[in-house]
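Any read-out appearing in this document is the output of simple, stated calculations on the displayed coordinates, not a laboratory observation. Quick caveat, the model's predicted, so the values are computed rather than measured. Please note: Cβ atoms are built from the backbone with ideal geometry, for glycine as well, and neighbour counts cover all protein chains shown.
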Amino acid sequence: MKKKGILGLLAVAATAFLLVGCGKSSSATKTTTITVGASSVPHAQVLKHVQPELKKEGVNLKIKVFQDYVLPNKALASKELDANYFQHIPFLDNWNKENNGTLVSAGKVHLEPIGVYSKKVKSLKDLKDGATVLVSSNVADYGRVLTLFKDAGLITLKPGTKLTSATFNDIKTNKRHLKFKHSYEAKLMPTFYKNNEGDAVVINANYAVQAGLSPKKDAIALEKSDSPYANIVAVRKGDKNKPAIKKLMKALRSKSTQQWIEKKYKGAILPVSAD
């Protein structure tokens, strides 16, 4: 009887051990790893902020930082990434058009108000006749730039111009004869400003913040909060409803994350709570 009792206890212990082992294996299979490409500021910072929350939800978030606007969509399309977070919808639409792409938005997260910076004037209206305005080669941002100058009363646009696809060829009148030069990489714009090149320089908020500028304090003109150019998380077509992507979007758009964005960036980056 004693022998059988010992054997019985050993059998129970072995079964319990196997069950524990199976439990660990089952738990491990519930963890999903996703890699998201992002600009360093603010996108990678925001992603890093939600990493702990996602870990609790069984999502292991890996962040790959990019220093330009060219490679992230290529990496996503070639399946090197599961998603990317650096662009707005007009940029994505333009990229899809030029590259026969099928990338889609998983949702909006925040707005980076584009701004005009100058060491020579305090207001757009102070620009002299023939002044040079330096703009990046990012065609998707041209409508945003044109809006700033239109709202300042310096230019008018041709009737029927759609701002999200507008170019400088859509300018109808330019009473100050401003010269818009737009053949530069977006990441170089803060350097032009610091070197006092041109009379005014247009800089995206992420590059401005990265260069130590405050869009709210340093820009002589800043995009309004109702702009349609909110930054999104992009994914491949068909991936929008994957559980890990939905958890990512929930974390990025949570009330706590929105409050964190407002506090950290002091209004330079504005959270977007709904599509």
Checklist entry - P(r) for region 159-275: what percent of alpha-carbon pairs falls in each 10 Å bin, starting at zero? => result 10, 30, 33, 21, 6, 0
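Please compute one quarter of the surface area of the Cα convex hull for the chain and express it in square nanometres.
Directional mean of the projected Cα hull area for the chain stands at 18.5 nm².
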Item to check | Span-like helix ranges in the chain, DSSP H, alpha carbon extent 30 angstrom or more, Kyte mean at least 0.5 | outcome: 2-29
Checklist outcome for this item: Taking every other residue with Cβ under 15 Å from the Cβ of Gly37 and scoring Lys and Arg +1, Asp and Glu -1, one gets +2
Item to check | Calculated [θ] (222 nm, deg cm²/dmol) that DSSP helices of n ≥ 4 give over the chain, each run adding -39,500 (n - 2.57) | outcome: -11500 deg cm²/dmol
Item to check | Charge dipole magnitude, Cβ of K and R +1, D and E -1 - region 137-247, Cα centre, debye nearest 20 | outcome: 440 debye
Checklist entry - To the nearest 20 debye, what is the magnitude of the charge dipole of the chain about its Cα centre, counting +1 on the Cβ of each Lys and Arg and -1 on the Cβ of each Asp and Glu? => result 1040 debye
Item to check | Within a Gaussian network of the chain (alpha carbon springs, distance under 10 Å), most fluctuating of Gly101, Gly153, Gly37 | outcome: Gly153
Checklist entry - For the residue pair Thr164 and Lys194, what label-to-label distance in nm results when each label sits 7 Å from Cα along the Cα-to-beta-carbon direction? => result 3.5 nm
Next on the checklist: Using Cα springs under 10 Å in a Gaussian network model of the chain, which residue among Glu223, Glu98, Glu262 shows the largest mean-square fluctuation?
Outcome noted: Glu98
Checklist outcome for this item: Cβ-Cβ cut-off under 15 Å around Ser137, Lys and Arg +1, Asp and Glu -1: the net charge is -1
Item to check | Under the Karplus curve 6.51 cos²θ - 1.76 cosθ + 1.60, θ = phi - 60°, whole-Hz ³J(HN,Hα) for region 177-182, x wherever Gly or Pro sits | outcome: 6, 5, 9, 8, 9, 9
Next on the checklist: For region 212-260, what does the convex hull of the Cα positions come to per residue, in cubic angstrom?
Outcome noted: 139 Å³
Checklist entry - Got a sec? Charge dipole of the chain, +1 on Cβ for Lys and Arg, -1 for Asp and Glu; which of Leu127, Val209, Leu188 is way out at the positive end? => result Val209
Checklist entry - Which whole-number percent is the relative contact order of region 149-275 (Cα, under 8 Å, 6+ apart)? => result 14 percent
Item to check | Local electrostatic count, Pro243, Cβ distance below 13 Å [Lys/Arg +1, Asp/Glu -1] | outcome: +3
